[in-house]
Amino acid sequence: MKSILITGCSSGIGYYCAKRLHDEGFNVIAACKKQVDVDALTALGLTAILLDLCDENSVQLGFKRALELCNNELDALFNNGAYGQPGAIEDLPTDALRAQFEVNFFSWHTLTNLAIKHMRIRGQGRIIYNSSVLGLVALPYRGAYNASKFALEGLADTLRMELAQTNIQVSLIEPGPITSKFRENALHAFMTNIDIDNSAHATSYQKQLDRLKSNSAPQSFTLGPDAVYNKLIHAFTAKKAKPRYYVTFPTYFMGYLKRLLSTNMLDKVLLKNK
């Protein structure tokens, strides 16, 4: 039975993928930041652990516990737990940017290196990153999240080449809009770290607040977390995983435009969708 560690399983993509893989008979170790979420998943019959991506010690202990729960036979790591810090670059406190990278980038790097050490001993494994269309193109007021995902794309591409002579495969999943609590968490980060009233972007921020507070789908072409699962299962189980998996029409479309248009032309397109 193949084993996989998934982070960010309290809701959204992580929750869906953990439950679906468990139902399909895989040995899933679902990691959550809060004990209440660990308890909720355990009540559903899943194997869940406490792993706080904001805490280096928690990451180390969580990975150790995951190995114990799969008898030191971890086949895959799905780095999924993340959040978005909205706000204009000039309004973004450096500490808020550090916090964004701590969760979305540095903690994933720690887990990945722990997993690689284990997988080298076993002679095989899969490292799967849940990136974003915003790791391919940038949008205004998403600078912190863009930066973390652009960094992730570069790190994963380099890692894939460095592991080319091993049986450890590296994949990036790149979703566009997916139904989740992403906007709810982003709104909290926005209100906590951005001085909206005293910003030169205060008027534009109202549109961002309306978007984050809306109960409707984030935008056209929004898909459910099953769309990500369909890519994850291939990256996890296929004999040869793909380096990249696009999810949702906006990702395919933006990937195409980035190859086709000049930077100035692409900026004009993206500014219409800010």
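Of these, Gly135, Gly176, which one is over 20 Å from Leu74 (Cα atoms), modelled with pLDDT of 95 or more and touching a helix residue (DSSP H, G or I) at 6+ places or on another chain (Cβ under 6 Å)?
Being over 20 Å from Leu74 (Cα atoms), modelled with pLDDT of 95 or more and touching a helix residue (DSSP H, G or I) at 6+ places or on another chain (Cβ under 6 Å) holds for just one of Gly135, Gly176, which is Gly135.
When only residues in the range 156-186 that are hydrophobic (A, V, I, L, M, F, W, C) and free of Cβ contacts under 8 Å to residues at least 40 places away in the same chain count, which is surrounded by the most Cβ atoms within 10 Å (Cβ to Cβ)?
Among those that are hydrophobic (A, V, I, L, M, F, W, C) and free of Cβ contacts under 8 Å to residues at least 40 places away in the same chain, it is Ala156.
Scan the range 208-244 residue by residue and report those that are in contact (Cβ under 8 Å) with a residue 40 or more places away in the chain, out of contact with any strand residue (DSSP E or B) (no Cβ under 7 Å at 6 or more places or on another chain) and part of a helix (DSSP H, G or I).
Listed by number, the residues that qualify are Gln208, Leu212, Asp226, Tyr229, Ile233, Thr237.
Can you tell me how many residues in the range 217-257 are surrounded by 14 or more Cβ atoms within 10 Å (Cβ to Cβ) and over 21 Å from the mean Cα position of the chain (by Cα)?
Number of matching residues: 1.
What pairs come up if the first residue lies in the range 1-20 and is under 18 Å from Leu61 (Cα atoms), the second is assigned to a helix (DSSP H, G or I) and of a type in the set (D, E, K, R), and their beta carbons are under 8 Å apart, counting only those six or more places apart or on different chains?
What qualifies is Cys9/Asp37.
Of all residues in the range 112-145, how many are assigned to a helix (DSSP H, G or I) and either out of contact with any strand residue (DSSP E or B) (no Cβ under 6 Å at 6 or more places or on another chain) or closer than 30 Å to Ser204 by Cβ (or both)? Before you say what the answer is, go through the steps one by one.
Taking the range 112-145 and keeping what is assigned to a helix (DSSP H, G or I), we get 112-122, 133-135, 143-145.
Okay, now just the ones that are also either out of contact with any strand residue (DSSP E or B) (no Cβ under 6 Å at 6 or more places or on another chain) or closer than 30 Å to Ser204 by Cβ (or both), so 113-114, 116-118, 120-122, 133-135, 143-145.
Of the residues in that region, 14 qualify.
If a residue has to be crowded, with 20+ Cβ neighbours inside 10 Å and under 15 Å from Thr7 (Cβ atoms) to count, how many in the range 71-104 make the cut?
Qualifying residue count for the region: 11.
Hey, Thr110 hits all of (1) surrounded by fewer than 18 Cβ atoms within 10 Å (Cβ to Cβ); (2) of a type outside the set (Lys, Arg); (3) in contact with an Asp or Glu (Cβ under 7 Å, 6 or more places away or on another chain); (4) more than 20 Å from Ser3 (Cα to Cα) but one; which does it fall short on?
(4) is the only condition that Thr110 fails.
The values are calculated or read from the model by the stated rules, or taken from the named source; none is laboratory data. Predicted model only: the values in this text are computed from it and were never measured. Positions of Cβ are generated from backbone atoms using ideal geometry, with glycine treated the same way; all protein chains shown enter the neighbour counts.
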